[in-house]
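Some notes on the structure that comes next.
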Amino acid sequence: DKGEALLTNMCSKAVNQSVGRAIRHANDYAAIILIDQRFARDNQQALLPNWIQQRSQICDNFGHLVKSIAKFFSSKKSTVTVSLCTDCRTRLLMDLNFAIT
């Protein structure tokens, strides 16, 4: 009915806004966990943005969820880059040398 559709749309809007807060620019990444069986339904997934639909997966148990999250962050770990100015890099190296000795 119309009341249920209104509530569904309002909740979807809130979920989409929350997801958007986790990822602000192209280099951001996050694991967003939607713990509600309704998000496994096609009609509910259709209310999510395409970029979320394309990257989402449904886990049938907690162990599968943990493994998926670990794999995700493990893959991101090797792609992290840090850009520093020359002065900052020098300072960072000096700090590292100080910490090592």
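The values are calculated or read from the model by the stated rules, or taken from the named source; none is laboratory data. Predicted model, so just to flag it, every value in this text is computed and none were measured. In this analysis, Cβ positions are derived from the backbone assuming ideal geometry, glycine residues included, and neighbour counts consider all displayed protein chains. All accessible areas refer to the heavy atoms of the entire protein, side chains included, with ligands and DNA or RNA removed. Shrake-Rupley method; radii C 1.70, N 1.55, O 1.52, S 1.80 Å.
The table below lists the values:
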{"item": "Flag for C85 being at pLDDT below 85, open to solvent by less than 70 Å² (accessible area, probe 1.4 Å) and not aliphatic (A, V, I, L, M)", "result": "yes"}
{"item": "Unmet criterion (only one of (1) among the aliphatic types (A, V, I, L, M); (2) farther than 16 Å from C11 by Cα; (3) touching a helix residue (DSSP H, G or I) at 6+ places or on another chain (Cβ under 7 Å)) for L47", "result": "(2)"}
{"item": "Test result for L48, within 25 Å of E4 (Cβ to Cβ) and at pLDDT 85 or above", "result": "yes"}
{"item": "Residue that is most open to solvent (accessible area, probe 1.4 Å) [pool: residues in the stretch 1-52 that are under 17 Å from the mean Cα position of the chain (by Cα), aliphatic (A, V, I, L, M) and over 24 Å from S75 (Cα atoms)]", "result": "A14"}
